[in-house]
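Here the structure is laid out as structure tokens; the discussion comes afterwards.
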Amino acid sequence: MSDPNFASGAIWAGDNLDVMRGMNSTCVDLIYLDPPFNSNRHYEAPIGSKAAGAAFKDAWTLDDVDVCEHGELAERNPAAYAVIEAARQAHGKGMQSYLVFMAVRLLEMQRILKPTGSIYLHCDPTASHYLKLLMDGIFGYAAHRCEITWKRTNTHNDSRHSFAKVADVILFYAMPEATFNPIYEPHSAEYVAKFYRHDDGDGRGPYQHDNMASPNPRPLMTYDWKGYPPPAKGWRYQVRRMTELDMQGRIHYPTHPDGSPDHSKRPRLKRYLREQKGAVIGNVWTDIRPLSHASKEKTGYPTQKPLALLDRIIKASSNPGDMVLDPFCGCATTLVAADRLQRQWAGIDLSPLAIKLVNDRITEDRGLWGGPTALDTPPQRTDLGQLPSYRTHRHRLYGEQEGICAGCDTHFPFRVMEVDHILPRSRGGTDHPDNLQLLCSGCNRSKGGKTMAEWRASQT
Ligand SMILES: C[S@@+](CC[C@H](N)C(=O)[O-])C[C@H]1O[C@@H](n2cnc3c(N)ncnc32)[C@H](O)[C@@H]1O
């Protein structure tokens, strides 16, 4: 694992692909992403809201860059390539384009996530089934922990041909050693009525009877207790603890109808409801309400999520001090929740208006403690050690490529060949040998600051 090469509180205005490519490997504990869902809509914030002017498109058409990146995926991750190809056949080119967009970004997320990290991908049923396959291909199917259904709205009347679509899907993947802090909710009224049937009226509230017999043989605990014979394997508690429980009135002694002790039955422990944590929360979340128009949290940013949702995710899958990243941070819901929970955090969004909202929200929250640091250039990786100058690779590359230019596939003499960064350094590319190739001077000039996929697309 490496240290992050960016400070907590960093927010970038720009494409998250470029920014994540510049981040060190294995430096983030938790990623939550709420990307566009391929819903075929254009989102705009209402005029007059804090977010007025913010907009993003959520409709995808296949462009030439997608096609080139799709081709490169075949080599980098054949599983992702196969999933995207299947989606193209089943759904069409718009879905293919959307999944190429997601796949190249998820590959970066996989690289920057710690081997103890977790990732939550928030989407809706438009693409959740394809995204799940993509996640299996990139993070490994064994990392899939569960699929959360979040009921985000009440039923509406737009659905004469189907059940109303009222839920989003959150795909939760985590590495084997990932943090997981179970979250509890109060037991339901039905559960309490069924299992906590006793109450002594002493203010301690309802309780249930629990077994006091040891599940394993305990020869030293086979004493008689107040005339009640020991269970076959012994009591669960030593005499001292039994005495304490008795003095606290926490043992129920069975009696005959006339009130005399019934020694044929066993004493039971009184387990009080108020001392229980509650029930572990399941994967269907109906208790987190969507933001209403009157909500104090509401900024007007399209698709803003409630803080309670992020609060739950961050508490479950990170600890104070951990680094939380939201690469599609919108109006900062994840970042505000992480900040309040004493996590480190960083966010990225394409929209400058989103960045302004991040700034406003965090600054408002922190008061005098200052706001985030807005950045517009990707970080430079520091986890690759001291790499020799990229120019020193010219001879090696000439041999490996057998003198053929990686751009036009033509053989050239050594003196005409130049070392090129496949992914330019201005876009998060590094001097690592895997990112270098030889181009003839003509191709190199024509490629300029483009990525190889963009340049190839511009050539067709
Ligand atoms: C569904 S919204 C996220 C809303 C956010 N969860 C919130 O609570 O405010 C998706 C966001 O992704 C951003 N976005 C889309 N493509 C992006 C990209 N390539 N890089 C960074 N952000 C992008 C959009 O500007 C939009 O703010």
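The values are calculated or read from the model by the stated rules, or taken from the named source; none is laboratory data. Here the structure is a predicted model, which means the values were calculated and not measured. As a convention, Cβ positions derive from the backbone with ideal geometry for all residues, glycine included, and neighbour counts pool all protein chains shown. These accessible areas exclude ligands, DNA and RNA; they are computed on the full protein's heavy atoms, side chains included. Shrake-Rupley method; radii C 1.70, N 1.55, O 1.52, S 1.80 Å.
Some observations on this one:
- Average accessible surface area per residue within the chain, 1.4 Å rolling probe, Å²: 51 Å²
- For residue 298, the aspartates and glutamates whose Cα comes closer than 20 Å to its Cα, not counting residues fewer than 8 places off in the same chain, are 34, 44, 168, 287, 311, 326, 339, 349, 360, 364, 365.
- Counting only protein heavy atoms and a probe of 1.4 Å, the accessible surface of the chain is 52% carbon and sulfur.
- Using Cβ point charges alone (K and R +1, D and E -1), the dipole size of region 67-106 about the Cα centre works out to roughly 140 debye.
- Gain on full stretching of the segment that runs from residue 129 to residue 5 - 0.36 nm per residue minus C-alpha separation: 41.2 nm
- What you get for region 180-248, charging only the Cβ of Lys and Arg (+1) and of Asp and Glu (-1), is a dipole of about 380 debye around the Cα centre.
- Percent of Cα pairs in region 390-459 per distance bin of 5 Å, from zero to the largest separation: 3, 19, 31, 26, 17, 4, 0.
- With both residues required to sit in the chain, DSSP beta bridges show an antiparallel share near 65%.
- Within straight-line reach of residue 93, meaning a Cα separation under 21 Å, sit the following lysines at least 8 residues removed in sequence or on another chain: 57, 132.
- Size of charge dipole - region 390-459 - debye, nearest 20, with Cβ of Lys, Arg +1 and Asp, Glu -1, no other charges: 260 debye
- Listed by chain and number, the lysines whose C-alpha is less than 19 Å from the C-alpha of residue 194, apart from same-chain residues fewer than 8 away, are 270, 277.
- A viscosity of 1.002 mPa s and a temperature of 20 °C, combined with the Kirkwood radius over C-alpha pairs in the Stokes-Einstein formula, give region 129-258 a diffusion coefficient of 103 µm²/s.
- Reported value for region 189-275: 118 Å³ per residue, from the convex hull of its C-alpha atoms.
- Among the protein heavy atoms, those of residue 329 account for about 10 Å² of accessible surface (1.4 Å probe, every chain in place).
- Estimated D of the chain in µm² per second, where Rh is the Kirkwood radius over Cα pairs and Stokes-Einstein applies at 4 °C, 1.567 mPa s: 49 µm²/s
- Packing rank of 315-322, 13-20, 332-339, where each peptide gets the mean count of other beta carbons within 10 Å, highest leading: 332-339, 13-20, 315-322
- Over the chain: helical MRE at 222 nm, DSSP H runs n ≥ 4 each giving -39500 (n - 2.57), nearest 500: -9000 deg cm²/dmol
- Mean-position separation - Cα centroids, region 340-366 and region 89-105, in angstrom: 29 Å
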